[in-house]
1. Restricting to region 7-16, name every residue that is part of a helix (DSSP H, G or I) and out of contact with any strand residue (DSSP E or B) (no Cβ under 9 Å at 6 or more places or on another chain).
2. What tally of residues in region 16-33 results from selecting those that are under 17 Å from residue 93 (Cβ atoms) and loosely packed, with under 11 Cβ neighbours inside 10 Å?
3. Can you pull out every residue in region 99-136 that is within 28 Å of residue 31 (Cα to Cα) and surrounded by fewer than 17 Cβ atoms within 10 Å (Cβ to Cβ)?
4. Identify the residue in region 43-75 that is closer than 30 Å to residue 119 by Cβ and touching a helix residue (DSSP H, G or I) at 6+ places or on another chain (Cβ under 6 Å) and, among all such residues, is surrounded by the fewest Cβ atoms within 10 Å (Cβ to Cβ).
5. Could you list, in sequence order, the residues of region 1-35 that are farther than 17 Å from residue 74 by Cβ and touching a residue at least 24 places away in the same chain (Cβ under 8 Å)?
6. Of the conditions (1) closer than 28 Å to residue 120 by Cβ; (2) modelled with pLDDT of 90 or more, residue 30 satisfies every one except a single condition; which number is it?
7. Determine whether residue 38 is touching a strand residue (DSSP E or B) at 6+ places or on another chain (Cβ under 6 Å) and in contact (Cβ under 8 Å) with a residue 24 or more places away in the chain.
8. Going by the conditions given, is residue 78 closer than 23 Å to residue 115 by Cα, surrounded by 14 or more Cβ atoms within 10 Å (Cβ to Cβ) and within 21 Å of the chain's Cα centre (by Cα)?
């Protein structure tokens, strides 16, 4: 098991680190050119709309096998489905927020993602607050819940 600063690295982290080490400087420059093109297309969209609305994930949450709780789990297909809608905002540095809006038939949460123009964080927070208030009646606390804002 690999460690960094005394912390054991998960299989996911080790896989990603190995992958990223394989990129060259020219790969980085090519990726930045692609990023610039994608940003151009998003700015064209923002000429017509104020916000881009997507599901937060491309599927509801999969069951987590007990073994994954200890060592992590790498399932690139599932990861791709889960991350397909959040990649653009992360890649481009656009303000985005996910709001819980309901539950599927199995009781798993469904999120709505709002993506805004560059430097549009205040607008995104106002819109997210409004959406959250509209969906407040459907909120329920999960069986396992930890409030990170509440002191111990």
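1. Taking region 7-16 as the starting set, the residues that turn out to be part of a helix (DSSP H, G or I) are 11-16.
Across region 7-16, the qualifying residues are 11, 12, 14, 15, 16.
2. Summing the residues that are under 17 Å from residue 93 (Cβ atoms) and loosely packed, with under 11 Cβ neighbours inside 10 Å in region 16-33 gives 3.
3. Within region 99-136, 118, 119, 121 qualify.
4. Top of the filtered list is 58.
5. 35
6. (1)
7. Values: touching a strand residue (DSSP E or B) at 6+ places or on another chain (Cβ under 6 Å): no; in contact (Cβ under 8 Å) with a residue 24 or more places away in the chain: yes.
Here the answer is no, as residue 38 does not meet what is asked.
8. On the way: closer than 23 Å to residue 115 by Cα: yes; surrounded by 14 or more Cβ atoms within 10 Å (Cβ to Cβ): yes; within 21 Å of the chain's Cα centre (by Cα): yes.
Spelling it out, residue 78 is indeed closer than 23 Å to residue 115 by Cα, surrounded by 14 or more Cβ atoms within 10 Å (Cβ to Cβ) and within 21 Å of the chain's Cα centre (by Cα).
The values are calculated or read from the model by the stated rules, or taken from the named source; none is laboratory data. Worth saying up front: this structure is predicted, and the values here are computed from it rather than measured. All Cβ positions, glycine included, derive from the backbone under ideal geometry; neighbour counts span all protein chains shown.
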